[in-house]
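*Asks:* Attaching a single structure in structure tokens format; questions to follow.
The values are calculated or read from the model by the stated rules, or taken from the named source; none is laboratory data. Fair warning: this is a prediction, and the values are worked out from it, not measured in the lab. In this analysis, Cβ positions are derived from the backbone assuming ideal geometry, glycine residues included, and neighbour counts consider all displayed protein chains.
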Amino acid sequence: MCEQAFSCLTNHLISVEGEIHVCLSQVRPTIEYLCSKKQARVSNEVLDTAKDKSSEIIDEECGLAITYSKKGNVMPHARYDCVEQDFTRTENEVSGPAGNNLNFCEQCYCYICDKLASECQYWNVPSACHCNAHNKSKYWKAHRDVALTGALSIFNFNLVDIDSELRHGGALLQKFCLELALEYNKYLMGITTSRSSLIPCICTCHSQLKMFCEVCQVNHVEIRLYSYTPVFNMVLNFLKQAEKEKPKAAAIMMIGVAKEILLHKQHPQEVFNKSDQTATPSQAVPIFMHRITSELQRMLVLSDFPPYLFNKLKTFYKALPLPSYCYIFTNCLNVLSWEDPFLTSILRGQNITGQRQKKGKKETLWEDFPVVLARVERMEAREEYRELVRYLRVIKCNDTIKLRALQDKVPFYFCKYGDFNSAAQSFHLNTSLSCCIACRLTPFQYKIYLKILRTGTVPAGCELSEERQWVLVEGGNLIKTCLLLKCSLRILFVNEVLYRDVYCWSRLIQIHCNDFTMKNDMPQVPPPEFVKNIAVLAASVLEDLKNGIVGLPKPFSSALCWESALILVTVAAVQMLHKNISMMKIVLPLIVAYGKNFWALKLLFDSLSTKEDILHHFCAILSNNIYVHRSMMIDVVKCHDANYVSDLVTLFLSFKQTTIQSLSIPVLNVLVEAWHEFKTMECLWIQSLHSFLQNKVVPAMEMVNTAQFIELRNKLNRIL
């Protein structure tokens, strides 16, 4: 059908009086479009004619014949779009219906309620008058937004930004606010009770005479009590519910509650109660605000809110009317986004001071502790250890003690990405506090760090723990022996707790023994003259380390560097024993740590021999330890072969001092007592040990004719 034919038909229909929509089968859409373009008006008579299937409309000019038509289906529409009822547009008319706006067809919907007009409760209610609502009025559009968003309207969200999660949080908040208003009103009304219910009357007049005398009359008057506790409990339960919701809903619920409770006033007649912090708004509201702000701070950091929501929450909080007892929370939500230029420059290493010039003033990166903790948690989860180190080195916080605990993990974060040299140096870098990280290490942490720095492996996860699986750091360079030696000794010198701990020294000795024991099952013994010279040199080196001078002489980087390091550690351990032997109860771990390096163990005893009282005290403690910690001694024997036992006993017997010789007695006694245990376990070296005891130990003991050795020889002869 050509366009000229439609034009002719349209001109013919315009001449007919009355307004109607002509529905034609197959060609109705095109006709409606052309009619609307030319504002066609047709009479009801033509429509009635079109309904008759047998009737025809013939346009002789165009040669067009309409043989059938029917009325179209009217789709649901807003009242102002209705084609059957006229609509008069007004800006904000609410006193009554304007024009013919009260009338509606079956498919008319209320613009405000999104319900059928017949179901709208405010269609013709004065001061509401939803029948006048339309989409061209700012007043009615704002009214519709409030109706659609409910409690979310206070945040000024765009409708396109409101998702199901926000809508759910808004619905819960709106319901709670209604319940809270009722409970708060009860608090303002108070509860009537008698004074005697609070303070029992001790007067006997009313119990005997059934009346009140002038003395106790005041005890029975009615009084009104005001307690905020029911409101407190209601808010507390709602906050617990909010914490279980998804982040967006939880944020809306919490900050909405903050707005409500900040408006709560204390009743003038209410008594301030120090013992019950829930009894008055001035006591209870700060408790809630601390909880709300802390949780919101964490969510702003961890929840990846879209920028519009992030900024809306901060703007809304800034406009909250804080009473005087909540001024401390004024800037709590001034949280920097992860995209903030100041923060990103620090995390990328472009700003190492944590300061910047803003409007001519120096600004320092400062955040509340919950924000700092949340940032650390997020960067740990994402394994952003470089960024985490940069952040912790410059951040300032309101809680310096808790912040210091986080900063103490900086060496561990260095190790996590393989920068072991920086980790070793960071133990002694002074922070804004009075001491360094080394001063606060525990013995457990010290031993963990020694293992990390020596092996180049770290615990999986972000905690210093031996229980977790340990993994090799890819791309990490092992720390040099000299740097490890200096670092480990300096930590002991600045930390008194570690310095007196025998297990810390035993771990340090064990590490330096393993350095060259791993290469040879039986380590080579350095020349005695070399050991003597390095031991003399070690005393001055240790003094320098204590004074902060960290350079080491050439012998510690020579071919015998491993042996030199072990000598230095042994001399340092002797100095510690000279100073703290009177306070010690266990020294056996020191002896066990040397393993098969008996030349270094001999140096330990030779150095202790310079002071006879120290030597006697040390040997007495060691002898007692061998009996008390029998299992430790047996475990050491099981880990080594028969030569270990033989060399240990031979070492003790080789000394001229009877005090040291006597140490072989507890060792052999424990060995004799565990002999049957060794046989049951079928130790492979039991025959070698049997031969050694028979051929070397017993003859050597015959040279010592004390009663103890005679008794021990008899025991050995019986088992052999």
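*Asks:* Tell me which residues, restricted to region 499-513, are within 18 Å of residue 581 (Cα to Cα), assigned to a helix (DSSP H, G or I) and not aliphatic (A, V, I, L, M).
*Replies:* 499, 503, 504, 505, 506
*Asks:* Separate question: Considering every residue within region 117-128, establish whether at least one is crowded, with 16+ Cβ neighbours inside 10 Å, closer than 30 Å to residue 260 by Cβ and at pLDDT 90 or above.
*Replies:* There is at least one residue in region 117-128 that is crowded, with 16+ Cβ neighbours inside 10 Å, closer than 30 Å to residue 260 by Cβ and at pLDDT 90 or above.
*Asks:* Also, I was wondering about something else. Would you mind finding the one in 684, 648 that is modelled with pLDDT of 70 or more and among the aliphatic types (A, V, I, L, M)?
*Replies:* Numbers: 684 fails: modelled with pLDDT of 70 or more.
From the options 684, 648, the qualifying one is 648.
*Asks:* Further question: Quick one: which of 401, 352 is modelled with pLDDT under 95, assigned to a helix (DSSP H, G or I) and surrounded by fewer than 13 Cβ atoms within 10 Å (Cβ to Cβ)?
*Replies:* Checking each option against the conditions leaves just 401.
*Asks:* Which count do you get for residues in region 282-328 that are part of a loop (DSSP other than H, G, I, E, B), more than 22 Å from residue 158 (Cα to Cα) and in contact (Cβ under 8 Å) with a residue 60 or more places away in the chain?
*Replies:* Adding up the residues that qualify gives 2.
*Asks:* Residue check: is residue 575 among the polar types (S, T, N, Q) and within 26 Å of residue 413 (Cα to Cα)?
*Replies:* no
*Asks:* Quick check, is residue 377 on the phi < 0 side of the Ramachandran plot and among the acidic types (Asp, Glu)?
*Replies:* Yes, satisfied.
*Asks:* I need the helices (runs of 4 or more DSSP H) fully contained in region 520-621, keeping only those with at least 2 residues that are more than 48 Å from the chain's Cα centre (by Cα) and touching a residue at least 24 places away in the same chain (Cβ under 8 Å). Break it down stepwise before answering.
*Replies:* Values: elements: 528-546, 561-580, 588-593, 598-608.
In region 520-621, the matching helices (runs of 4 or more DSSP H) lie at 528-546, 598-608.
*Asks:* While we're here: Among the residues that make up region 267-281, is at least one of them assigned to a helix (DSSP H, G or I), touching a residue at least 40 places away in the same chain (Cβ under 8 Å) and more than 21 Å from the chain's Cα centre (by Cα)?
*Replies:* Yes - at least one qualifying residue is present in region 267-281.
*Asks:* Taking the residues in region 82-122 that are without any contact (Cβ under 8 Å) to a residue 24 or more places away in the chain and of a type in the set (Gly, Ala, Ser) as candidates, determine which candidate is nearest to residue 145 (Cα to Cα).
*Replies:* 118
*Asks:* Test residue 337 against the stated conditions and say whether it is modelled with pLDDT of 90 or more, at negative phi and in a helix (DSSP H, G or I).
*Replies:* Working: modelled with pLDDT of 90 or more: yes; at negative phi: yes; in a helix (DSSP H, G or I): no.
Spelling it out, it is not the case that residue 337 is modelled with pLDDT of 90 or more, at negative phi and in a helix (DSSP H, G or I).
Conditions (1) farther than 19 Å from residue 305 by Cβ; (2) in contact with a His (Cβ under 8 Å, 6 or more places away or on another chain); (3) without any contact (Cβ under 8 Å) to a residue 12 or more places away in the chain; (4) part of a helix (DSSP H, G or I), marked per residue:
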position: 124; (1), (2), (3), (4): yes, no, no, no
position: 131; (1), (2), (3), (4): yes, no, no, yes
position: 134; (1), (2), (3), (4): yes, no, no, no
position: 145; (1), (2), (3), (4): yes, no, no, yes
position: 157; (1), (2), (3), (4): no, no, no, no
position: 167; (1), (2), (3), (4): no, no, no, yes
position: 170; (1), (2), (3), (4): no, no, no, yes
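*Asks:* Can you tell me which residues in region 288-321 are among the β-branched types (Val, Ile, Thr) and either closer than 16 Å to residue 378 by Cβ or modelled with pLDDT of 95 or more (or both)?
*Replies:* 292, 293, 301
*Asks:* A follow-up question, please. Would you tally the residues in region 449-471 being of a type in the set (Phe, Trp, Tyr) and more than 23 Å from residue 490 (Cβ to Cβ)?
*Replies:* Selection size over region 449-471: 1.
*Asks:* Return the pairs, sorted by first residue and then second, in which the second residue is surrounded by 21 or more Cβ atoms within 10 Å (Cβ to Cβ), the first residue lies in region 367-381 and is aromatic (Phe, Trp, Tyr), the beta carbons are less than 8 Å apart, and the residues are 6+ apart or on different chains.
*Replies:* Once the first residue is aromatic (Phe, Trp, Tyr) and sits in region 367-381, its partners that are surrounded by 21 or more Cβ atoms within 10 Å (Cβ to Cβ) give 369/403.
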